[in-house]
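The values are calculated or read from the model by the stated rules, or taken from the named source; none is laboratory data. Remember, it's a predicted structure, so these values are computed and weren't measured experimentally. When we count neighbours, we look across all protein chains shown, and the Cβ atoms used for this are built from the backbone with ideal geometry, even at glycine.
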Amino acid sequence: MDEKRSKTYWLKILIGIAFFPFTSTYLIWKSSLDRKIKIGVIIGFWVLFILVANSSKGNNNATENIATDITTAPTQVISPTLIIASPTPLIVTPSSEPTPKPPFATITYSNRYMLIKNLGNTKLTSCLVTIGYGSVFSPNTDYYEADFGDIPANSIYSLPWSNITKQDGTRFDYYKNQPQDVELDCTVNGADRSMHVN
């Protein structure tokens, strides 16, 4: 008798698993909950069950499609080939931007002079040195300058620090201030040139 009961118990469990959503609906309906709660729980259970079932079907179909694509794909044997790149001609097109010009001078310092060396074979004319001017967009009104004229070709001009002054006449003191933001403006072969040294 005990074996028979055990068999029917397992049979009921297997039938409950096989007919899972219906069995769950029946058990919820037979419970002692309020009728409105039972209806809400059953509807929620079925909506959830349908959503889960539909999402798993979509994944299975995608997996099946991939599997059939793989099994029905034609097989090809590809032999290795050596690809040699042929040289292509280099075409240089002129740029709209001008190439930077080489510097026309160098500026070095000693304790008594600013040394400006003309690097070209042409005389530099109308030369002007400014210290601490800033930029065109944010100029400093309290800067030093010296307008010293010409520098012969391939020569060094020694500009005394005392000749570099502010507009009020204050002289540049090399011992108190290190020259920063130095700009040299000259005319080279009729063209205005400028160089900036920090």
Quiz item: Between a first residue in the stretch 92-117 that is in the same structural domain as PRO179 (by TED's automatic domain parsing) and modelled with pLDDT of 75 or more and a second residue that is surrounded by fewer than 10 Cβ atoms within 10 Å (Cβ to Cβ) and assigned to a strand (DSSP E or B), which pairs have beta carbons less than 7 Å apart while being 6 or more apart in sequence or on different chains?
Solution: none
Exercise. Sort out which residues of the stretch 111-159 are on the phi > 0 side of the Ramachandran plot and in a loop (DSSP other than H, G, I, E, B), and write them in order of number.
Key: GLY132, ASN154
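Conditions tested, residue by residue: (1) of a type in the set (Phe, Trp, Tyr); (2) touching a residue at least 40 places away in the same chain (Cβ under 8 Å); (3) in contact with a Pro (Cβ under 6 Å, 6 or more places away or on another chain).
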| site | (1), (2), (3) |
| --- | --- |
| PRO139 | no, no, no |
| TYR143 | yes, no, no |
| ALA146 | no, no, no |
| SER155 | no, no, no |
| PRO160 | no, yes, no |
| THR165 | no, no, no |
| LYS176 | no, no, no |
| PRO179 | no, yes, no |
Quiz prompt | PHE45 being surrounded by 10 or more Cβ atoms within 10 Å (Cβ to Cβ), on the phi < 0 side of the Ramachandran plot and at pLDDT 80 or above | solution = yes
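Of all residues in the stretch 160-181, how many are outside any loop (DSSP other than H, G, I, E, B) and within 9 Å of TYR144 (Cα to Cα)?
So the count comes out to 2.
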Quiz prompt | Count of residues meeting criterion [out of contact with any Ser or Thr (no Cβ under 9 Å at 6 or more places or on another chain) and exposed (fewer than 10 other Cβ atoms within 10 Å of the Cβ)] in the stretch 15-30 | solution = 2
